[in-house]
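The structure appears below as structure tokens.
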Amino acid sequence: LTQPLAGRVAVVTGASSGIGGAAAEHLAGLGARVAVLARRADRLAELVARIEKSGGTALALAADVTDPAAVRSAAGRVADELGTADLLLNNAGVMLPAPVEERAAEQWQHQIDLNVSGLMHVIGAFTPQLVRAAAERGVADLVNTSSVAAQNVFPNFAVYSGTKAYVTHLSRHLRVELGPKDVRVSAVEPGIVGTELQSHVTDEGARQWLEGTRETVEWLAPQDVAETVGFLAALPPRVNLQQVTIMPTRQT
Ligand code: NDP
């Protein structure tokens, strides 16, 4: 059994379900000690128990990423209890498509608060550890979960796509800033993945559009994205996959 991430300390946000949950288990399986962050403490406790049962090490951090003080305190606990973080999967997010004419201002704000501001609070809190870890161990990874919506155009996804275009472009800029310090920065852009993400959609038209894709497309599984994250983190330190778009084969 090879453990390419042995000795590494990973932090996964949005780890209580979907992509983040699968990634946390996968990274632990590759040998990383893993801090798992989300709001639902019960889900995190179950995840930590599963990882420990498989022989891994995990730390639950119940926190809301839109609360900068809570994120800072979580970052302190990672350094104290697991060691300096050298892999961050910045993944908590929400997708609430709806026609702009519905003027769902609360849903616009929610997506911006979580996908943009929350993502930034996490970057702000953990970047010092990533830079320190890279100086000590030769490499660290900042992986932001973006979306194919950052590149393609889908009806009624304007605000969500805008937040993900931000994530991809921010990542490109941060790579230039942090690469010279041996911190690799990547944007992972999945197409449609079967998770809890779709269950929060309230607009009936958008729900039907999403569900309709199931007739022609086999959606990705969270594990598919988890393995992509594990792959890029295990590359030699000189290799930085800047942007990875991972699509269901039949999604156009
Ligand atoms: P899920 O809804 O299954 O997961 C979202 C995660 O974010 C949950 O763990 C949730 O946990 C957490 N979260 C939500 N709000 C907060 C908050 N305020 N503070 C901390 N954690 C929070 O969806 P996915 O796994 O699909 O989504 C993960 C990422 O992947 C998102 O950024 C999404 O935009 C992106 N993505 C998903 C695609 C898909 O088709 N599924 C496609 C492309 C990108 P809790 O509620 O416990 O806080």
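The values are calculated or read from the model by the stated rules, or taken from the named source; none is laboratory data. If you're wondering where the values come from, they're calculated on a predicted model, not measured in any experiment. As a convention, Cβ positions derive from the backbone with ideal geometry for all residues, glycine included, and neighbour counts pool all protein chains shown.
Quick one: which residue in T168, T249 is loosely packed, with under 15 Cβ neighbours inside 10 Å and either touching a residue at least 60 places away in the same chain (Cβ under 8 Å) or within 16 Å of the ligand (Cβ to nearest atom) (or both)? Even if it seems obvious, please write down each step before you answer.
Details: T168 fails: loosely packed, with under 15 Cβ neighbours inside 10 Å.
None of the other options fit; the residue is T249.
Could you list all residues from segment 1-21 that are in contact (Cβ under 8 Å) with a residue 60 or more places away in the chain and within 8 Å of the ligand (Cβ to nearest atom)?
Of everything in segment 1-21, those that are in contact (Cβ under 8 Å) with a residue 60 or more places away in the chain and within 8 Å of the ligand (Cβ to nearest atom) turn out to be T13, G14, A15, S17, G18, I19, G20, G21.
Hey, could you check segment 193-243 for residues that are loosely packed, with under 14 Cβ neighbours inside 10 Å, touching a residue at least 60 places away in the same chain (Cβ under 8 Å) and more than 13 Å from the ligand (Cβ to nearest atom) and say which is nearest to S147 (Cα to Cα)?
Selected residue: T202.
Tell me whether segment 140-151 contains one or more residues that are within 20 Å of A74 (Cα to Cα) and either at pLDDT below 95 or within 11 Å of the ligand (Cβ to nearest atom) (or both).
Looking only at segment 140-151, we keep the residues that are within 20 Å of A74 (Cα to Cα), and these are 140-145.
Applying the additional criterion that residues be either at pLDDT below 95 or within 11 Å of the ligand (Cβ to nearest atom) (or both) yields 144-145.
Yes: segment 140-151 contains one or more residues that are within 20 Å of A74 (Cα to Cα) and either at pLDDT below 95 or within 11 Å of the ligand (Cβ to nearest atom) (or both).
Report, by residue number, each residue of segment 64-95 that is in a strand (DSSP E or B) and within 16 Å of the ligand (Cβ to nearest atom).
L88, L89, N90
Looking for whichever is out of contact with any Gly (no Cβ under 9 Å at 6 or more places or on another chain) and either charged (D, E, K, R) or surrounded by 24 or more Cβ atoms within 10 Å (Cβ to Cβ) (or both) here; the options are A35, A23, A45, A41. Which one fits?
The conditions single out A35.
Listed residues Q107, Q129; which is within 21 Å of P4 (Cα to Cα), assigned to a helix (DSSP H, G or I) and either away from the ligand (no atom under 11 Å from the Cβ) or in contact with a strand residue (DSSP E or B) (Cβ under 7 Å, 6 or more places away or on another chain) (or both)?
Answer to the check: Q129.
In segment 220-240, what count of residues is obtained for those that are among the aliphatic types (A, V, I, L, M) and in contact with a Gly (Cβ under 7 Å, 6 or more places away or on another chain)?
Restricting attention to segment 220-240, the residues satisfying the condition of being among the aliphatic types (A, V, I, L, M) are 220-221, 225-226, 229, 232-235, 239.
Applying the additional criterion that residues be in contact with a Gly (Cβ under 7 Å, 6 or more places away or on another chain) yields 220-221.
Total meeting the criteria: 2.
Determine if segment 96-110 includes at least one residue that is within 16 Å of the chain's Cα centre (by Cα) and either within 18 Å of V9 (Cβ to Cβ) or surrounded by 15 or more Cβ atoms within 10 Å (Cβ to Cβ) (or both).
Checked segment 96-110: no residue is within 16 Å of the chain's Cα centre (by Cα) and either within 18 Å of V9 (Cβ to Cβ) or surrounded by 15 or more Cβ atoms within 10 Å (Cβ to Cβ) (or both).
Return the pairs, sorted by first residue and then second, in which the second residue is away from the ligand (no atom under 14 Å from the Cβ) and hydrophobic (A, V, I, L, M, F, W, C), the first residue lies in segment 34-56 and is more than 17 Å from I19 (Cα to Cα) and part of a helix (DSSP H, G or I), the beta carbons are less than 7 Å apart, and the residues are 6+ apart or on different chains.
These pairs meet every condition: E52/A58.
Taking interchain pairs and intrachain pairs at least six residues apart, which have beta carbon atoms under 9 angstrom, with the first residue in segment 79-96 and charged (D, E, K, R) and the second within 16 Å of the ligand (Cβ to nearest atom)?
E81/A35; E81/L59; D86/A10
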